[in-house]
Amino acid sequence: MGKLLSALRGRWAGVYRRSSIQLILSLTFTAAAVAGMVFLGMTLFLRFSSVTNTQMAQTSQRILSQVNLNLDAYLRGMMRVSDTAYYQVIKDADLQREGISQELELLYQSNRDHLVSIAVFTEEGKLEAAAPLGRLKPGVTPQTEGWFSAARERMENLHFSTPHVQDLFVDPDHRYRWVVSLSRQVELTRGGAVEKGVLLVDMNYGGIEQICKDVDLGSSQGYLYLVDGEGEIIYHPRQQLIYARLLEENNQAAAGYPDGSHDETFRGQRRQVTVKTVGYTGWKLVGVAPVENLWDNYGELLLFFLFVVLFSIYLLVFVNLRLSAWITAPVKKLDRAVKELEAGAEQVDLDVGGPYEVEHLSRSIQSMISTQRHLMDDIIQQEKQKRRSELDVLQSQINPHFLYNTLDSVIWMTENGRTGDAVRMLTSLARLFRISLSRGSSLIPIADELEHARHYLTIQQMRYKNKFSASISAGDGVERLYTIKLIVQPILENAIYHGMDFADGDGEIAVRACREGEDVVIRVSDNGPGMPQEVVERLLDPAGEYAAPGAKGSGIGLRNVHLRIQLTFGSRYGLTIQSEPDAGTTVYIRLPALGEEEARRERREQL
Amino acid sequence: MSLRERALKWGLTLLALGVLLLLLILLIRFPRRGRQKPPLLEMTVIPRAEGSSPGVYLRQGMEQAAADLNVELRFLLPASPGDGEEQRQLLHWEVENGAAAVLLFPADRGALAEEVERAGPAVLVTLETDMTGEGAGGYIGVDNAALGREVAQAALNGTRQGETVLLIHSVPGDNGITERLLAAEALLLSQGRRTEHLAFGAGEPPEALSERLEQDGTVKAVLVFESAALEQVSDWLALLETPPLLYGAGSTAGVAAGLERGSITAAVAQNDFSVGYLAVEQAACLARRKTPADRGELTFFTVRKENLYDPEYQKLLFPVTR
C-alpha cells in the first residue's frame, strides 16, 4: 500500500512537473469542484431518498390504517350479523316449539353479498338450523372442525378461522366455496332448558377481497395481503399462485413483524414491508413495496441529477479552462519573455500586467535584467578601458633604443661641431615628447599627431643620414579634427625599419591625412620592399604570430595601433594594409571625423 | 480564425448542445423498470372438445397467466369431441394465419404430427399429450404413464387377483389419456388383475357401460383417466345400488363431489390451475423468444374422501373463487 502510494505520488509529481500551470489549475479546480459537487449531490440525493423512503413508509402506514379501518368495519359488520343471529333469533327462541330457519334465511338474504351460510349446531354437532342450504353432507362431523372446537373453547368471544373450503352442506351445484368462518358459542333454549350450541357465520371471501384489492401503496408493484396470527394467508392478490406453489410469499416472517415498516430481503428482492394488526382478530395487514420500485419512482430524478452533475462537470471544465487561462496569462507571458531573453533578444516586453505578485515578479525580473546589463556594460567598458590604457601606456613608452640612438647621434653631432643639427634633433625630440605627453589627453588634434610624426621623421632622417625623404600633408580642415595620439609614429617606425633600412637615398615615405565622408583616413605609404600577402594578413590578426624575435620591428606596434583604434571607436575603424613585394607598403588609418566637441565628449566617456 | 477562437467556438457549441439536452431531459419521461408491459400476445387454445378440456380450474390458471403476461386467449372448440382431424384443420388454419402462439390439447398424435411439425417449436405448446417429439415447442402436464400407474395402484388396493378391472377408453386415439390407460393396464396385468376396455366418451349415453356392468357382475373396479368421463361415470354409478369401485384421474368439482358421496373411491389429481398457468406462460415465453422460469416438475397426488379436505389438498383442488 505504501509502495503504491509512493508510486502514485511519484507519478503525480512527474505529471505535475511536465504540465503547464494552466493545466494544473484547471485540473485541480475541476477535481475540487467535482468532488464537492458529487459529495453535495450525493448527500442531497441520499437525504432526499431517505426522506422519500420515510414518506413512502408513512404513506403505506396511512393506507394500511385506512384499509384496517375498512376491514375492521367489515368484520364488525359480520360480528353484528352474528350478534343479530344470536341475540335476536336464537336467544329468544325455544327450539322445541319453533324453528329459526326462516329467521336465519331472512338474515342471510339481507347480507347475502357478504355471507355464504349461517348455521346453528348443537353441542353434539347436530345441525339445528341453517341458511341458505339446510342439509349436511353425509359423514360430516362439525364437532371435529376447528371452528367448532375454537368456539367451544372461547365461550365469550367470537372466533375467526383461517380460509377453508366450505364442506358442510349438500350443494346440488357442487360448488366448493372458500370461506372464513366466524364461530361463537351460543345458548340454545329447548323446552325451557338451556343447552350449549355453536353459531357459525361463513363469510364470503369477496368482501375481504373488495377491501384489500387494488390498494395503491404508492409503488408500481406494491401490493397488500392479509395473514392471520400464524402467518396463514387470508387474502393475497395472487393467492392461487401461492397455493399452486408457483409463487412464494414471506407470510410466515411477516406474521412475526410488529406493526410498522420493516426492510426485508425475500428471494433476492429487497422490499419495504409495512405491517398493521387488525384489531380483535389478530390478523395482520401486510403492505409490500419492492425497494427497486421505490427507486424507480425517483429513477427519473436520479437520471436527471446524474445528467446535471455530468453537465456541471462539463461546464466546470469549460469555465475552469477559460478561467485558468485568464489567471495564468500574465505568468505565461512572463515565461515567454524570459525565454526570449534566454534566446538573446535585446528588447523584450516584460510589462505583463496581471495580479500584484506577477506584476511584482515581472518588475523584479526587468530590474534584474537592467542591472545585469548595466553591470555587463560596465565590465565590458572597464575591460576595454583597461586594455586601451595598457595599449596607450605601451604605445607612449619611447623605445629606449630610439632614445639612445638619438642621444648618441646628438653627441656625435656635437662632437663633430654640427651643433645646429644637434639642436634640431634635440628640438624634435623635445617636441616629440611634449606631443607624446599632451597633458595626459589621449585625443589630440590631427595636426599635433602629424607634427609628432614630422619630428619623428626629422630625427630618423638625421639618424639615417637622409636615406629616405618624407612628406606629410593633410587635406583642408583635417588637421583640426581629432585622433587618438601616437598612431602614426609606430607605422612610420615600421616603414623605416622594414622599408628604408636598405634605401640609398631614394626611399620615400609619405603621410597624407584626408577626409572621406564622416571618416578621416591617414595614409602612410613607403616605397620599401613591401611584403607578401600572408605577412600582411598576419600583421593585424590578433591571433597571428609576431615577427621573428630579434628582427627589427616585430609588428606589435602596428597591431597595438589597430586594437587601440578599434577599442576606442569600434570595429569598423582601424588599420588596413596594402602591400606587395617590391611594390612598397601603404597603411590606411581609418578614424571617425571627430570635431572638437565630439573629442571632448569622447574624453569624458573615456573617463 | 485562430486556434483559440476555434476552441472557443467549439466549446460554446458543445455548451449549447448540453443546455439543449438538459431541456430535453426535463421534457422527456423515461420508462420505468418493471412497469412496461410486453406487447399484447394473442394466443389460441384448441381443446379436445367443449366440456372435456380445459376444465374450469385449468382455465382459471390460463386466465391468471394471461392477465399477468398481457396475453389474450382465444378458444377454438372443435365441433366433434376428440376429433384429431378437426383439430388438425384448426391448427392448420391458425398456423396459416400466422398465429403467434397456440395451446393444443392433442386428440391424436398421428393426425396432428405433420401440422405440429409445421407449426414449429416457437409457436406451439401442448397439454395432456406430449408432442415435443413431433416438433412442439413444449409440453405442460404430468408424466401420463406414471399417472396411469398411480390410478392402477389405487385400484390394486381395492381389487384382488383375478378380478376384472374395466378400463374406460374415453379419448380414442394416440394421446396422453391413452398412455395413462395403457400404463395402468400394464401394471394391473402384472399384478394379476384382468382388464377389459370399454370405449365410453364424455357426453355419451351410459348404456354400453350399463350393459357391461350388468352382464355378469364380474367387474370389480372401473378406471377412468380424464375428468369429464370420470364425472359422468361417477354420476351414473351413484345411481346404482351396488356400484363397482371407481378410480380415476381428475380434479374438478364434480370429481370432488364424487369422492364426497363415495361414488369415486380415489382420484389421482393434479393442480389444474398450475397446468393452465404454466402452459400460457411457456407459450408466451416461446412466442416472445424468452426463457421460461424453471417451475419444477408438475406432480400429482391421490385423493380419497378421507383426505379431500386436508388443508394442503384444499389449496390444490379448489381454486380460490371469490
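Bear in mind these aren't lab numbers, they're just calculated from the coordinates by the rules spelled out. Everything quoted here is computed from the prediction, not taken from an experiment. Here Cβ is always computed from backbone atoms with ideal geometry, including for glycine, and neighbour counts include all displayed protein chains.
Some notes on this structure:
- Sum of side-chain charges, A:Ala254 neighbourhood, beta-carbon under 12 Å (Lys, Arg +1; Asp, Glu -1): -3
- Computed label-point distance, nm, for sites B:Glu211 and A:Asp421 using a 7 Å Cα→Cβ extension: 19.2 nm
- In this structure the amide hydrogen of B:Phe75, modeled in the peptide plane, comes within under 5 Å of the amide hydrogens of B:Val45, none closer than 5 places in sequence on its chain.
- Rounded to the nearest 5, the antiparallel percentage of DSSP beta bridges internal to the protein assembly as shown is 65%.
- When the alpha carbon gyration tensor of region A:309-405 is reduced to an equivalent ellipsoid, its three semi-axes come out at 59, 11, 6 angstrom, largest first.
- Residue among A:Ala255, B:Gly162, B:Pro81 farthest towards the positive dipole end of the protein assembly as shown, charges placed on Cβ: A:Ala255
- Taken over region A:362-521, the convex hull of the Cα atoms encloses 149 Å³ per residue.
- Between the listed residues A:Gln22, A:Tyr86, A:Thr52, the Cα displaced farthest toward the positive end of the dipole of region A:1-88, a dipole computed from Cβ unit charges relative to the Cα centre, is found at A:Gln22.
- Projecting the Cα positions of A:Thr586, A:Gly475, A:Leu486 onto the charge dipole of region A:401-606 (unit charges on Cβ atoms of Lys, Arg, Asp and Glu, taken about the Cα centre) puts A:Leu486 furthest along the positive direction.
- Seen from every direction in turn and averaged, the convex hull around the alpha carbons of region B:144-270 projects onto 6.7 nm².
- Packing-based exposure ordering (other Cβ within 10 Å, fewest first) of A:Phe121, A:Phe48: A:Phe48, A:Phe121
- Among the helices of chain A, those built from whole DSSP H runs whose Cα atoms reach 18 Å or more along their own axis and whose mean Kyte-Doolittle hydropathy is at least 0.0 are A:21-83, A:299-342, A:400-415, A:419-437, A:556-569.
- Label separation (A:Ile369 vs B:Leu23): 5.0 nm, computed from points 7 Å beyond Cα along the C-beta direction.
- 3J(HN,Hα) along region B:74-81: 10, 9, 10, 9, x, 5, 9, x Hz, from the Karplus curve 6.51 cos²θ - 1.76 cosθ + 1.60 with θ = phi - 60°, whole Hz, x for Gly and Pro.
- Annotation: amide H of B:Thr195 within the under-5 Å range of B:Val165, sequence separation 5 or more or interchain, hydrogens built in the peptide plane.
- When shorter helices are ignored and each DSSP H run of at least 4 residues is given -39500 (n - 2.57), the per-residue value for chain A at 222 nm works out to -17000 deg cm²/dmol.
- Viscosity 1.567 mPa s, temperature 4 °C, Stokes-Einstein D of region A:198-295 from Kirkwood C-alpha radius, µm²/s: 92 µm²/s
- Take the Cα of A:Glu390, go 7 Å toward its beta carbon, and the backbone nitrogen atoms of region A:562-589 under 14 Å from that spot belong to A:563-564, A:567.
- The HN-Hα couplings worked out from phi for region A:511-522 by the Karplus form 6.51 cos²θ - 1.76 cosθ + 1.60 (θ = phi - 60°) are 10, 9, 10, 8, 9, 10, x, 8, 10, 10, 10, 9 Hz, whole numbers, x standing for Gly and Pro.
- Entry note, chain B: the mean residue ellipticity at 222 nm calculated from DSSP H runs of n ≥ 4, each adding -39500 (n - 2.57), is -14500 deg cm²/dmol after division by the residues and rounding to the nearest 500.
- Compared with the alpha-carbon gap, the fully stretched path from A:Ala13 to A:Phe311 is longer by 104.3 nm at 0.36 nm per residue.
- Calculated P(r) tail over 23 Å for region A:48-127, as whole % of Cα pairs: 45 percent
- Region A:91-208 - percent relative contact order, Cα under 8 Å, separation 6 or more: 32 percent
- Sorting A:Cys514, B:Cys285 from the fewest to the most surrounding beta carbons within 10 angstrom yields A:Cys514, B:Cys285.
- Charge sum, other residues only, whose C-beta stays under 9 Å from A:Gly191's C-beta, Lys/Arg counted +1 and Asp/Glu -1: +1
- Estimated dipole of region A:91-208 in Debye, rounded to 20 [Cβ of Lys and Arg +1, of Asp and Glu -1, Cα centre]: 180 debye
- Note on region A:401-606: Rg/Rh from C-alpha atoms, Kirkwood Rh, equals 0.97.
- Region A:355-422 - convex hull of alpha carbons, volume per residue in Å³: 63 Å³
- Rounded Å value of the spacing that divides the Cα centres of region A:329-386 and region A:397-449: 54 Å
- Debye log10 I(q)/I(0) for the protein assembly as shown, one point scatterer per Cα, at q = 0.04 Å⁻¹: -0.50
- Distance from the C-alpha centroid of region B:137-179 to that of region A:229-268: 38 Å, rounded to the whole angstrom.
- Between the beta carbons of B:Asp235 and A:Glu123, assuming R0 = 56 Å, the FRET efficiency works out to 0.95 to the nearest 0.05.
- Entry note, chain A: relative contact order of 9 percent, from Cα contacts under 8 Å with a spacing of 6+ residues.
- Per-residue average of Cβ from other chains inside 10 Å of B:273-284: 2
- When each of B:Lys315, A:Lys3 is scored by the number of other beta-carbon atoms lying within 10 Å, the sequence from fewest to most is A:Lys3, B:Lys315.
- Surrounding net charge for B:Glu85, when Lys and Arg each add one and Asp and Glu each subtract one, Cβ distance under 11 Å: -3
- Given charges at beta-carbon only (K, R positive; D, E negative), |dipole| of the protein assembly as shown in Debye: 5280 debye
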